[in-house]
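I have placed the structure first, in the form of structure tokens, so that the comments after it can refer back to it.
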There are 2 protein chains.
Amino acid sequence: MARRKEFDPEERMEKARDLFWEKGYNATSMEDLVQTMGLNRGSIYDTYGDKHSLYLQCLGNYAAEKLREHKEAALGTSPIEKVENMILSVVEATVNTGKCCMAVNSTFELATVDQSVHSIINNNWKDIVNFFEQLLTDAKKVGEISQDKDPRLLAEFIAANFTGLWQTYILSRDKKQVEKLAQFLIDMIKH
Amino acid sequence: MARRKEFDPEERMEKARDLFWEKGYNATSMEDLVQTMGLNRGSIYDTYGDKHSLYLQCLGNYAAEKLREHKEAALGTSPIEKVENMILSVVEATVNTGKCCMAVNSTFELATVDQSVHSIINNNWKDIVNFFEQLLTDAKKVGEISQDKDPRLLAEFIAANFTGLWQTYILSRDKKQVEKLAQFLIDMIKH
DNA sequence: AATATTTTGGAACAAACGTTCTGAATAGTA
DNA sequence: TACTATTCAGAACGTTTGTTCCAAAATATT
């Protein structure tokens, strides 16, 4: 049999993911990746395929982790409280790390021209919207939101607003500003 | 004296702008620009400077034109009607051209790492928010929106929602979907 | 211990990148 | 008409790009 890998593919991929996340796809060179991942070029190609393939894996990894985090953030005794905490946790993560959503970055850089990227992000987006929809349906049943609201539409509205929050944060770099907008969104949902 | 330029610098810059708009900054090569602008490399460098400088001029041009368009779209007999028409015109322009906002694309591709880009977009963003704020202040005075609303915050919320609409459009490519979200936003403002 | 299979590090590749340079063409001024 | 400043077209520049290749090192099985 053969020699074993000296590194953990998952762990190194996350290093690549963080670099793509920070710089974007096109601005990240293979040389950057070699340095950041601490791997040889050959090892990268053997393990992950070419740059584009590696990127897709990073994006998929990110999307899966993000969905998990969203669900973990859905804490609370009532559905609407869960929704609220999800929104607050997105804001908190953004201002704490200073980073926005990799999938959203990717949407605007690549999704219009790259079908594979579009597919990964779109599926992730749908998963998140579906999760919100479920919670909002519950909230409606319990009477926490008004009966004339459409849970699906409201879920899509919330998800779309995340992107707005990130845009606002990139431009203002103002924690308070983003928190105010998020709170406004939450108030809007409740009434 | 010397030979005169055989082309209109403004007109050719708009060709470059449209290409950057479509492909993004990093994915657009100088060769692409030479082809699309129909100019010699030397002429481009002489007239606009290097690639980055050309991009900044394109982005500035875009921002100015976009602000003008926003103001032109503010038709109506009452302030809130103007706001409504501005929102609807953004949706209409998006689904008609199939293109999103260049400044938003640029925010997510470059604004986090490029101070000049950040500055151009941020100023444009502020101009748009200020314009909304003025209209909403008027609307509040006239009693078209409730007295407990903060015009500034509402203006920022609307602007942020544009980004959400564009993200939604890129992923869904669904005209109806975006229109529904926009209408939801409008209803929210009014109530 | 020998074998077989895979990883590793780094050299090497052609192509594409952004940019500069050169000489010929052009046209307003003297 | 001669002069001069500028544009034009395209070759050429040195880097950087993404990718491939190769010999040496490594290890689980035979």
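No lab work stands behind these numbers, since they all come straight from the coordinates. Worth saying up front: this structure is predicted, and the values here are computed from it rather than measured. Note that each Cβ is placed from the backbone with ideal geometry, even for glycine, and that neighbours are counted across all protein chains shown.
Could you please report the charge total around B:Ser172, scoring K, R as +1 and D, E as -1 over all other residues with beta-carbon less than 14 angstrom from its beta-carbon? Here the charged neighbours net out to +3. Gap in Å between the Cα centre of region A:83-160 and the Cα centre of region B:96-154? So the separation of the two Cα centres works out to 21 Å.
When the pairs B:Lys82/B:Lys141; A:Lys141/B:Lys175; B:Lys149/B:Lys175; A:Lys140/A:Lys180; B:Lys99/B:Lys176; A:Lys141/B:Lys149 are compared against a 18 Å limit on Cα-Cα distance, A:Lys141/B:Lys175; B:Lys149/B:Lys175; A:Lys140/A:Lys180; A:Lys141/B:Lys149 fall above it. Once backbone amide H atoms are built at 1.01 Å from N, A:Asn26 has no partners under 5 Å, excluding neighbours fewer than 5 places away on the same chain.
Normalised by 2.2 N^0.38 Å, with N the number of residues, the alpha-carbon radius of gyration of chain A equals 1.17.
The simple Förster model, with R0 at 56 Å and r as the Cβ-Cβ distance, assigns A:Val34 and B:Asp150 a FRET efficiency of 0.65.
For region A:9-190, the Cβ-based charge dipole about the Cα centre amounts to some 220 debye (Lys, Arg positive; Asp, Glu negative; other atoms uncharged). Sequentially through region B:140-146, phi angles give Karplus couplings (6.51, -1.76, 1.60; θ = phi - 60°) of 5, 4, 6, x, 7, 10, 5 Hz, Gly and Pro residues having no value and appearing as x.
The angle separating the long axis of helix B:51-73 from the principal Cα axis of greatest extent in chain B is about 30 degrees. Over all other residues within a Cβ to Cβ distance under 14 Å of B:Glu84, the charged ones net out to -4, with Lys and Arg as +1 and Asp and Glu as -1.
Sequence-ordered 3J(HN,Hα) estimates for region B:106-111 from the Karplus curve with 6.51, -1.76 and 1.60 and θ = phi - 60° stand at 5, 4, 7, 8, 10, 4 Hz, glycine and proline given as x. Per-residue 3J(HN,Hα) values for region B:128-135, derived from phi via the Karplus relation 6.51 cos²θ - 1.76 cosθ + 1.60 with θ = phi - 60°, read 5, 4, 4, 5, 4, 4, 4, 4 Hz in sequence order (x marks Gly and Pro). In the elastic network of chain A, a GNM with C-alpha springs shorter than 10 Å, the most mobile of A:Val90, A:Val178, A:Val34 is A:Val34. Principal-axis analysis of the Cα atoms of chain A puts helix A:79-97 at an angle of about 40° to the longest axis.
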